[in-house]
């Protein structure tokens, strides 16, 4: 048992990228004496978890697994489900660096002790890392994730994302795009580098493939500057110049660039005609007032200034695009006037990974189940604070 995780890890390293679920199944059965395993993968909307090994799982069995698996996925904690026959189904989160991929089910002949659950959790961690790495080498897991066909623009957008969440001692960050299968221009990007977290949120313009191409150019220009050691201002200016010299001012992108000092909670910002940023502190939602500058690409050689604001431990930031803030379905007032703040306050007890879904679900409900008229992006950042000596702060 102590080397069970090592046995599974070796089996995963030797397996072809499209056969990880089968390799894990064989190794887990041998190492833990399991009678059954299943890998469930979250879809693009996080609306459900779907089986990889047995896609034709009978509906009754699938629904029975789905509810417990969803509880494990949402809580990110192991869930044990004992049966009358003495067997125990152990559901384990498949997560890596805070990125939630799905759930691993391991059916054992008897109720496991705490040590066995920890070993099973280590195995799930090894499988999550392997699945994340394999995603570039095979389409199998992406096919399971999609519940309908993606548009070409959406295919590009999902490929461009860094992930959908990332965890750190000092913060938890998550984002979500809608409409998941037809999204065009709205986007988010992030990078963790030492004590610096860089987050960009783009309020894309236009529709379809043209919007996706413009977003791809913008994101890669900012990444190019950032990876070359460029400051926040240099990232904005390179992206702006790149867009302008390609489109001569006919196309531009409203963008918010944020850089968080993860140790002290200082946020530096470049607001290029940007999406909206709001802070949830306690039970109060407050817009962060930033001086709006020109969107990226509007004019040649536009120069940008940095602004700063301070977070307190426990603060939550939401960044939303116009497709969220300005949504006006069926003649109602904009979602951002009052309804959005109510939905944000309702997330106080949820982690950021669940909060983005809550705001999106409330947005869909506000549209009375009609399709969203515009792309929508929600990014949620929780700053926990730093517990490093000398900070004078506690997480």
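What follows is calculated from the coordinates using simple rules that are stated; it is not laboratory data. Predicted model only: the values in this text are computed from it and were never measured. We place every Cβ from the backbone using ideal geometry, glycine too, and count neighbours over all the protein chains shown.
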Most exposed first, judged by fewest Cβ atoms within 10 angstrom, 302, 138 run 138, 302
Of the convex hull drawn through the C-alpha atoms of the chain, the volume per residue in Å³ is 157 Å³
So, relative contact order of region 4-143 in percent, Cα under 8 Å, 6 or more apart, is 28 percent
Per 10 angstrom bin, beginning at 0 and ending with the bin that holds the maximum distance, the Cα pairs of region 183-320 fall in percents of 13, 44, 32, 10, 1
Expected sort for 343, 35 with the fewest Cβ neighbours (10 Å cutoff) up front is 35, 343
Expressed in angstrom and ordered largest first, the alpha-carbon extents of region 139-233 along the principal axes are 39, 28, 21
With the 8 Å Cα cutoff and a minimum separation of six or more residues, the chain has a relative contact order in percent of 14 percent
Taking a ≥ b ≥ c as the square roots of the eigenvalues of the Cα gyration tensor, with a/c under 1.5 meaning rounded and otherwise prolate when a/b exceeds b/c and oblate if not, region 48-196 is oblate
Listed with the fewest Cβ neighbours within 10 Å leading, 152, 360 appear as 152, 360
Summing -39500 (n - 2.57) over every DSSP H run of at least 4 residues in the chain and dividing by its residue count gives a helix-only mean residue ellipticity at 222 nm, to the nearest 500 deg cm²/dmol, of -11000 deg cm²/dmol
Per principal axis, largest first, the Cα atoms of region 1-124 extend in Å by 36, 35, 28
At the level of C-alpha centres, the distance separating region 78-130 and region 9-56, in angstrom, is 12 Å
Whole-Å distance linking the alpha carbon centroid of region 200-261 with that of region 131-194 is 18 Å
For region 150-383, Rg(Cα) over 2.2 N^0.38 Å is 0.94
Dividing the surface of the Cα convex hull of region 250-395 by four yields a projected area in nm² of 10.1 nm²
